[in-house]
Amino acid sequence: MMTVRQRHALRTAVRLAAAAAITVLFLFPIYWLFMISFKTPEEIYSFPPKWYPGRIHFDNYAVLFKDGDAITVWNSFVVAGMSTVIAMFLGTICAYSLARYRTGGEHLANWIISQRMIPPIAVVFPIFLLYVYLGWVDTFTGVILLYTAFNLPYVIWMMRGYILDIPRALEESALVDGCTRWQVLWKVVFPMARAGLFATAIFTFVFAWNEFLFAFLLTKEKWVTLPVRLGSTITPFQTDWGFLTAGAIVSFAPLLVVVFLLQREMVRGVSLGAVR
Amino acid sequence: MTSLSATSRASFGERNFKYLLIGPAIFVLLLIGIFPLVYLLLVSFQGITMTETSADFIGFANYAQLFEDTRLWEALLHTVIFTVIALPLELLLGLAMAQLFLEKLPGRQIFVALLVLPVVVSPIVSGATWSLMFNHRFGPINQIIGWIWREEVTLLWTISPHLVYPAILAAEVWQWTPFMFLLLLAALANVDKSQLEAAAIDGAGWWRTFFKIVLPAIWPVMAIAILIRGLDLFRLFDIVWALTKGGPGTMTETISIFTYIKGFQQFETSYTAAVAFLVIILLSVVVMLALKKVELSR
């Protein structure tokens, strides 16, 4: 007979084995991506496939940054960064108004979040027609405006939640002390909400960084982003895997940092603030 | 209202402070949300195509065409098929995984951090990754199946009509099961321990405890997870685009891919406007009803 302690140890061992197996299963595609990006073309297209690179080899990354494709990485960074900054500012002040003054009530708040849930393809089609008319396709203004609008509902919704978490008393005493409303916002609310501001800004950046469809439809050459460039290399017949995997890793690597930084806020961020 | 808005002799800026704050954001949302919608409605009553540029109104012809367009309804059907298979799969797998990681386990935090990774991968990148995994010659999946089968296999995962759905669903489930896992793990951790202990003392079995206590407790979170993923699946584009581009033929065409092909490849401008308008109206109604049911806000 097993003692209670032995049974417990066995149970833990089984669970640990299951956990390890599941983790390997879920990480394998990411491993495969990394591994191919370090292979030489001969290794990539060898049959049967090799499960690890012969030696670490950076040529695929060198190609990515040589032929002018590095600009797409920069474009992604600029578009995601700029739209995040603008959306964070406009969204947070709007969220403050919704949270503290209940401006527009539940209806306005629900309308704003519903803007995020409608399929982008339907929304982007008329915007495309409008942009063609205005000559905004593949321009800085056009791309930034679209991404800002795309991120705004998320920022407003998340920041509204974070501001509701801040006790009101502090703002009231600041007002009594003679602060103007703007000063209250800058000196009390923003500092108090900085954890939320930080997490929301990172998520907003990630959404824009990963976004494919808008950039795919509204850029042509100058403002092509990394996901669009990668998407264009996938063809049924001749895909340059070295290039594709190196680009995919460049797209993915910054997100590793994000997951590490945001561990505590992850659940709240992806559940639209519904779960903490 | 509260003392925040009750200042005496307030200036214009002070009095309208709350509207000044929402002004810029609402302006951007209206500019990108409402204005194009009105334009869309207008265009949907015209007859603009690649060859026909006259902006004469042709009444409801485009909307009448919607009903006869079998390709549209098939695209809608494909979208529904993806949703009704992927959503329960992700939910059940995520729940099972959450259950596994609920109790203490050595290295638990590291496991969870690693398992979350697929969620932050760009969907176009995950589609590309799976197109490598499923490559018939150089991909690992056929090789693994070959080991099990003990003979070489060349399954054409992204081309063969029998295999495209499993391939797309595998990529979709791989990317989003961790999302369900993350939310359900948080929900399970919040279930009242004393109720579970009471049930154990009463001799209630695992299933009974789960359906009577755990499920009602995690339901609000589950409903939100289902809503978010359900709406995401309805707009499915990137993964399918990377794997099959809607093919073979139109077999895996989703409503988003259909709209893209009509509007941006075949330039049936006015007809696409009608399709887009239909989708927006349908989804707005669904979202508004869902938001009433689900407690997304406090």
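Values in this text are rule-based calculations from the coordinates and carry no lab data. A quick note: this is a predicted structure, and the numbers were derived from the prediction, not measured. So basically every Cβ, Gly included, is an ideal-geometry build from the backbone, and we count neighbours across all protein chains shown.
Hey, fewest Cβ within 10 Å first, where do B:I201, B:I124 land in order?
B:I201, B:I124
Check each of the trypsin sites (Lys or Arg not before Pro) in the range A:169-221 and keep only those in coil by DSSP with at most 12 other C-beta atoms within 10 angstrom; list them in order.
A:K220
Which GluC sites (Glu not before Pro) from the range A:149-222 combine a DSSP loop assignment with at most 14 other Cβ atoms within 10 Å?
Answer in residue order: A:E221.
Measure off 7 Å from each Cα along the Cα-to-Cβ vector at A:D59 and A:R11, then give the distance between these two points in nanometres to one decimal.
If labels sit at A:D59 and A:R11, their model points lie 5.5 nm apart.
Which order do A:R268, A:R5 fall in if you start with the one that has the fewest other Cβ atoms within 10 Å?
Lowest count first: A:R5, A:R268.
Determine, for B:M251, B:M97, B:M133, the number of other Cβ atoms within 10 Å of each Cβ, and report the residues in order from fewest to most.
B:M251, B:M133, B:M97
Hey, got the dipole for the range A:4-57? About the Cα centre, +1 on K and R Cβ, -1 on D and E Cβ, debye to the nearest 20?
Here the size comes out at about 480 debye.
R0 = 35 Å: FRET efficiency of A:F190 with B:L31, Cβ-based, nearest 0.05?
On the way: r = 26 Å, r/R0 = 0.74.
With a Förster radius of 35 Å, E is 0.85.
How high is the relative contact order of the range B:206-298, in percent, counting Cα pairs under 8 Å that sit 6 or more residues apart?
Relative contact order comes out at 25 percent.
As a test of the formula, what do you get for the protein assembly as shown when each DSSP H run with n ≥ 4 contributes -39,500 (n - 2.57) and the sum is divided by the residue count, at 222 nm and rounded to the nearest 500 deg cm²/dmol?
Value at 222 nm, helices only: -23000 deg cm²/dmol.
Amide H neighbours of B:Q46 under 5 Å, at least 5 residues apart or on other chains, H built in the peptide plane: list them.
Under 5 Å from the amide H of B:Q46: B:I58.
Put +1 on the Cβ of each Lys and Arg and -1 on the Cβ of each Asp and Glu in chain A; which of A:F203, A:V188, A:T239 then has its Cα farthest toward the positive end of the dipole?
About the Cα centre, the residue reaching furthest to the positive side is A:V188.
Do any trypsin sites (Lys or Arg not before Pro) in the range B:67-134 lie in a DSSP loop with no more than 12 other beta carbon atoms within 10 Å, and if so, which? Let's see the in-between values first.
Details: sites: B:R71, B:K104, B:R108; in loops: B:K104.
Sites meeting the loop and neighbour criteria: B:K104.
Averaging sequence separations of C-alpha pairs under 8 Å and six or more residues apart, then dividing by the length of the range A:4-57, give the relative contact order as a whole percent.
Once normalised by length, the contact order is 27 percent.
Please report how far the C-alpha centroid of the range B:162-194 lies from that of the range B:109-139, rounded to the nearest whole angstrom.
Each part reduced to its Cα centre gives a spacing of 14 Å.
What dipole magnitude, in Debye to the nearest 20, does chain B give about its Cα centre under +1 on Lys/Arg Cβ and -1 on Asp/Glu Cβ?
900 debye
Take peptide A:266-272, look around each residue's Cβ out to 10 angstrom, count Cβ atoms belonging to other protein chains, and average those counts. Could you put the intermediate results ahead of the total?
On the way: counts 8, 8, 1, 0, 9, 10, 5.
Rounded to a whole number, the mean comes out at 6.
I'd like the FRET efficiency for B:N16 and B:I281, computed as 1/(1 + (r/R0)^6) with the beta carbon distance as r and R0 of 30 Å, rounded to 0.05. Don't skip to the end; give the middle numbers.
On the way: r = 34 Å, r/R0 = 1.12.
The formula returns an efficiency of 0.35 here.
Over chain B, what is the mean sequence separation of C-alpha contacts under 8 Å (at least six apart), divided by residue count, expressed as relative contact order in percent?
Relative CO of chain B lands at 29 percent.
Taking Cα centroids, how far is the range A:212-234 from the range B:237-298 in Å?
19 Å
How large is the charge dipole for the protein assembly as shown, taken about the Cα centre, if only the Cβ atoms of Lys, Arg (+1) and Asp, Glu (-1) carry charge, to the nearest 20 debye? Numbers along the way, then the final one.
Values: 40 positive and 34 negative charges, 381 e Å.
Rounded to the nearest 20 debye, it is 1840 debye.
Residue separation times 0.36 nm, minus the C-alpha to C-alpha distance between B:K292 and B:E151: what's the value?
45.2 nm
Mean Kyte-Doolittle of at least 1.6 and a Cα length of 15 Å or more along the axis: which whole DSSP H helices of chain A meet both?
Sorted by number, the helices that extend far enough and score high enough are A:120-134, A:241-261.
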